[in-house]
1. Most exposed first by the Cβ proxy, i.e. fewest other Cβ within 10 Å, how do A:266, B:72 rank?
2. Amide H of residue A:151: which non-local residues (sequence gap of 5 or more, or other chain) have their own amide H closer than 5 Å, using H built in the peptide plane?
3. What FRET efficiency comes out for the pair residue A:152/residue B:74, r = Cβ-Cβ distance, R0 = 22 Å, nearest 0.05?
4. Between residue A:48 and residue B:59, what is the FRET efficiency for a Förster distance of 25 Å, r being their Cβ-Cβ separation, to the nearest 0.05?
5. Rounded to whole Å and sorted largest first, what semi-axes of the equivalent ellipsoid does the C-alpha gyration tensor of chain A yield via the square root of 5 times each eigenvalue?
6. Within 10 Å of each Cβ in peptide A:87-96, how many partner chain Cβ atoms are there on average? Round it to a whole number, please.
7. How big is the shadow of the Cα convex hull of the stretch A:220-333, averaged over all directions, in nm²?
8. Place +1 on the Cβ of every Lys and Arg and -1 on the Cβ of every Asp and Glu in the stretch B:7-76, take the dipole about the Cα centre, and give the residue among B:71, B:14, B:44 whose Cα lies farthest towards its positive end.
Amino acid sequence: MTVETAESHALLGALDRFKAAPVDVARYDTDTATAARALRAAPEQVARLAVEGLPHLVDSEHGPLFDYDDLMNVGMFCGTGQTVPELGLRFLMRFAASPRASWFAPREWEVGVHPSRTAGGEGAEAPGADDGRSAVTVRVPDLTAPGVELLSGGPFDEPLRTSGYRAAIRLTGTEQTVRDPRIHEAWAEVVEALAARRVIYQTVPEPLRADHHRAWELGIADCVVASRLLADRLRAAGLEATARRGYLLGLFGSDHAWCDVVEDGVHKSLDPVFAFVATVGDERGVAESPEFAAACFGSRFNRLLPCRTDSAEPLVYFDGEPAPYWAMAGVGARPRRTA
Amino acid sequence: MTAVRSLDAVRTLIKSSLEHPALLDRLGGDDDFAQAGIGSGELIRIALTLEEELGRPLEDEELLGLTSVRAVAALIGAEAH
């Protein structure tokens, strides 16, 4: 494969911009070659990360082993604009720059959820591949959620199903605003903490997502942490609120979480991470969009597919345990083909 | 801007973005990338390669259309005229 590598010192610059996974939740299982592929870097650059302080274990056979979430954060914060995490965010958020009406109009999608078995964010295996390794379980679309209509595929009677699935789904967004001052207050608290960088928006390991209050206190959050925290604050204020999790559909399908609150009997979506990114823009190529940030406070978008969760639990499991970050490489999405 | 016109040239361009380039040899022009097992990281690289080829960012609808060799060819071909 021909790829240009990051500048020699670019990756090192990331080390001061995020917080490494706490040792008790980190999984040091990614070798240098895999890390180099994921970061579009040379193995020597990855080795330098270890020397300069990126946490790792040294394995006698495989050399330094890194936590994959830490590596994704190196990619996200290195500032080259060329790593998979940077590019993924840039491409997935490009819909925010599309005309406003396109955020909400009914849209039909073909979705394929066939989690990758290969680390490095690369090389998802062919759907149906059965190599005798870990059993894969995935969460199914939530067909009871507002704006979600199954066109083909399924059945999705149980929240989880083995292996993957393919489905055609119509998603209909809606433009809504929020009135209740309690929701305004909780929303501002979470979004402003991110915008002021008091809490760093970064990849968070799944075990720490499950302890979202600890993550927030450590000063780190991703979409799951922020949405769970927001839902907690809203419930504490007496509102009916749930952290949701599903797929952001676009060039591919990406694991994403947001919050659902009920106001005047109407379900409204609150997306603190989208709002944060659209508020401050992003040096990785996401444009500022106050209009889109405002829409994240109450409106429902036509490319967020909610799955059946109680509180934004993981979407994919290997042998009953949350699957690694890289499993998401095998989630595909595309506008539905019409005859 | 470098216009890529032939389907073979398009395939070469896509191959350069794949972790396992031989995968593309098994794909017909209309076969779906995701169904064939091309992962998100590779799709990202295909999109980046196209942006570099075209010399401009792809719009959201263009990104959504990057689903097959022929779709990529159409995008570049349309740009070349």
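1. Going from sparsest to densest Cβ surroundings: A:266, B:72.
2. A:168, A:169, A:170
3. 0.30
4. 0.10
5. 31, 24, 19
6. 5
7. Computed as one quarter of the Cα hull surface, the answer is 8.2 nm².
8. Among B:71, B:14, B:44, the one farthest towards the positive end of the dipole of the stretch B:7-76 is B:14.
The numbers here are math on the coordinates, done by the rules we state, and not lab data. Being a predicted model, the structure only gives us computed values, none of them experimental. Cβ: placed from backbone, ideal geometry, glycine included. Neighbour counts: every protein chain shown.
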